[in-house]
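Colleague: Please find one structure pasted underneath; my questions will follow.
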Amino acid sequence: MLRILTWILPALGFLTCFGTTASADDKKAEEKKGTVVTIDGLKSAVPGDWKTEEPTSRMRAYQFKLPRAADDKYDGEMAIFFFGPGQGGSAEENIKRWKGFFLPPQGKNIDDVAKVSKLKVGAVDVHYLDVQGTYKFKERPFDPNAKEELRPDWRMLGVVFESKNGPYFMRLAGPAKTVAHHKKGFDDWLQGLK
């Protein structure tokens, strides 16, 4: 009997340690996740380093500040807009408007620096714009009296998410290096909406 106990006790200790390690790994994975965003019953957690902010307007359902890349002057921002079912304009209208936020480099037109793709997230049709150039920043974009500030080397990822009660409009914008740093997290979050 003693011989059996001397064999079982170390084995139980090993299994306990193994179980603790798995739990620690699970805990680390959970810490990497941020706020869970819900859109038409679909949910996905944003990356853990995205800071949830109070939306700056009633049109914004969610707003996040994304930490800047090392050399960048500004943080990035990701906002999700919702105007009501069937409102806010078509995907084509929004993509055209978003392209208008940018000036292309000299000698190019906006379509040279913008890529539009269509994809599916689950059963949802998605239009995805990736555009880069000089951003025509306005503190209040729809105010004709708001001062415009040109910000060179900026990038925006714009998404029209045509869910059943949508559409929802998502924009991640910021300095090009900062957006490049956060693009994978944004794409993973978007594809994770289930």
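Laboratory data are not the source of any read-out in this text; all were calculated from the coordinates shown. Every value quoted in this text rests on a predicted model; they were computed, and no experiment measured them. Cβ placement follows ideal geometry from the backbone for every residue including glycine, while neighbour counts extend to all protein chains displayed.
Colleague: For the list (1) surrounded by 15 or more Cβ atoms within 10 Å (Cβ to Cβ); (2) touching a Gly at 6+ places or on another chain (Cβ under 8 Å), I need the number of the one condition that MET78 fails.
Modeller: Unmet condition: (2).
Colleague: Please give the strands (runs of 3 or more DSSP E) falling wholly within the range 91-169 in which 1 or more residues are among the polar types (S, T, N, Q) and surrounded by fewer than 13 Cβ atoms within 10 Å (Cβ to Cβ).
Modeller: Where strands (runs of 3 or more DSSP E) fall fully within the range 91-169 and carry at least 1 residues being among the polar types (S, T, N, Q) and surrounded by fewer than 13 Cβ atoms within 10 Å (Cβ to Cβ), they are 114-121.
Colleague: Something else about it: Look at the range 170-179 and say how many of its residues are surrounded by fewer than 23 Cβ atoms within 10 Å (Cβ to Cβ) and either in contact with a Lys or Arg (Cβ under 7 Å, 6 or more places away or on another chain) or over 24 Å from PHE137 (Cβ atoms) (or both).
Modeller: Final tally of qualifying residues: 2.
Colleague: Restricting to the range 142-167, name every residue that is without any contact (Cβ under 8 Å) to a residue 40 or more places away in the chain and over 16 Å from the mean Cα position of the chain (by Cα).
Modeller: PHE142, ASP143, PRO144, ASN145, ALA146, LYS147, GLU148, GLU149, PRO152, ASP153
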